[in-house]
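As structure tokens, the structure follows; a few thoughts come after it.
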Amino acid sequence: MLTLLTLAEIVEKVGSSAAESFAAFYEQYLPKVYRYINYRVSDVPTSEDLTSMVFEKALNKFKSFDSRKAGFSTWIFTIARNTLIDHFRSRRQTETVGLETVMDNPSPLDSPEEEAERAEEISLLNSCLSGLSAPEKEIISLKFGAEMTNRQIAGVLSLTESNVGVILYRAVRKLRDNFRGRQDG
Amino acid sequence: MARAYEEERVFAEQLDKALAGQAMQISPGAADDLRTALEFSQRMVNLRPDPRLQFRTVLKVNLIQQLKEKEERQPSGRSWFWSVMPREPIWQATLVLAIMLVVGGVIWGTLFHPFTTNVVKVPTAPTVTSTAPAPTAAATTASTAAPANPYLAAQGSTDKPVYQSGEPVKIEISWQNLTSQDLTINEFPPIVSLMETSDAQPVYTFAAGKSSRILTPGQKAVFSYTWDQRDAQGNLVAPGRYYLELEELYYNGQAVKMDFSQPVNFDISIK
């Protein structure tokens, strides 16, 4: 027999302490938050610093989280977006998009040649991403990083769902053409 | 125009599949532009970075440690005053100012307006009525869209497309077991949120049910809700467009996205 649970039930089952509950939440959202941030900043150390800040803020507010006001996903990505906004504001830097190669975390199945090829592809994709407009970058980050549906993205960015669909499709085709062009060139 | 819209729809649908770890299904007759865009998306999904294992582990240990220290500190040292006092200085200052205003107001009222009575309005709690879950044998509506997940399909409807402000909104949601085994939903019905389209924020959430429900293969369970157009604080919501959203469920610790087969939207108009 299959059993489906809500996140609240998981948190409840994992343990009664806030620490154990937070650990379950952390495992669920860390990769998505990290990827979302990594699409928006140019290097791994900054991505890691900002991800740490997001989870520290979440930890401080974790006990006061009210699921009647927003879902876990909306809540954590609101914190992540605000952290990024503060970061860009404080650095006064123009937004750059990056997927920095993390060579100390390669897939265990990849050979050194495959690892090198993957690193090259990530680097190429990184430079293609920097050619997108700001709304396109944001949508790509929320889609591929945060794994949001078009409807959720529309809500976050105050756009219509169909508008998100159009921009996303256009951005991916632009990336594809740019990627191909650079590979061939 | 219609072809472009269809391509965007197929693209979004297949990309969501790839992000959920499922295989994309590209029709052999798909336009070359769409097919190559989907193939490239799959490549982007595969190239997504994962956080370093060391970073992941160290951060987790640090955070859990911080939380445990907080939990240990709280019962012994902190007075009730500090437990309600915000941490940020700006909020501390705001709270102190608010207290001073209240105290000042009370003194002013007592000294200069001793006979004025204050009427405190208590917001009424949202009225929610529900009927017991009633399984039905046959599907009520046909759906052309792919199911959101391989376990449970959800379909929803409202009794009207447009409501006057304050008019009760009657909602019916059905969940159908898509698997070939008995499926237990521990808290039935799952959490349902009423979302405001303009900002995609929930205005009211129906909490999960307290009872467990077992659905046999193919069985459908229907649940009815009545929403009085009030938010969690008991205030009437603003006119506008609203939609329903389902909270994700979990199977073996993995999130299972819950989407309606067809979006459920309705409008609230001004009287």
### Query
Excluding same-chain residues fewer than 8 positions from B:K210, which aspartates and glutamates have a Cα within less than 20 Å of its Cα?
A:E9, A:E12, A:D66, B:E172, B:D182, B:E187, B:E245, B:E247, B:E248
### Task
Mind computing the radius of gyration and Dmax over the alpha-carbon atoms of the range A:107-185? Å is fine for both.
14.8, 44
### Message
For B:S165, A:S158, which order do you get if you count the other beta carbons within 10 Å of each Cβ and list the fewest first?
### Response
A:S158, B:S165
### Task
Would you mind calculating the gained length between B:D182 and B:W91 on full extension (0.36 nm times residue separation, minus the Cα-Cα distance), in nm to one decimal?
27.6 nm
### Task
Starting from the Cα of B:E13, step 7 Å along the direction of its Cβ; do the same at A:D184; then give the gap between the two resulting points in nm.
3.1
### Message
Cut-off is 10 Å between beta-carbons; in what order do A:F88, B:F223 appear when sorted fewest neighbours first?
### Response
A:F88, B:F223
### Summary
Subtracting the Cα-Cα distance of A:T78 and A:D43 from 0.36 nm times their residue separation yields 10.4 nm
## Note on the structure
Fewest-first ordering of B:W108, B:W175 by Cβ atoms within 10 Å yields B:W108, B:W175
### Query
How many nm separate the modelled label positions at B:N62 and B:W108, each set 7 Å beyond the Cα in the direction of the Cβ?
4.8
### Query
Working out 0.36 nm times the residue gap between B:S211 and B:D159, then minus their Cα-Cα distance, what length gain in nm do you get to one decimal?
16.1 nm
### Cα-based shape type of the range B:195-271, given that a ≥ b ≥ c are square roots of the gyration tensor eigenvalues and the cut on a/c is 1.5
prolate
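Coordinate-derived values only; no laboratory data. All figures in this text were calculated on a predicted structure; none of them were measured in a lab. No Cβ is skipped: glycine too gets one built from the backbone with ideal geometry, and neighbour counts run over all protein chains shown.
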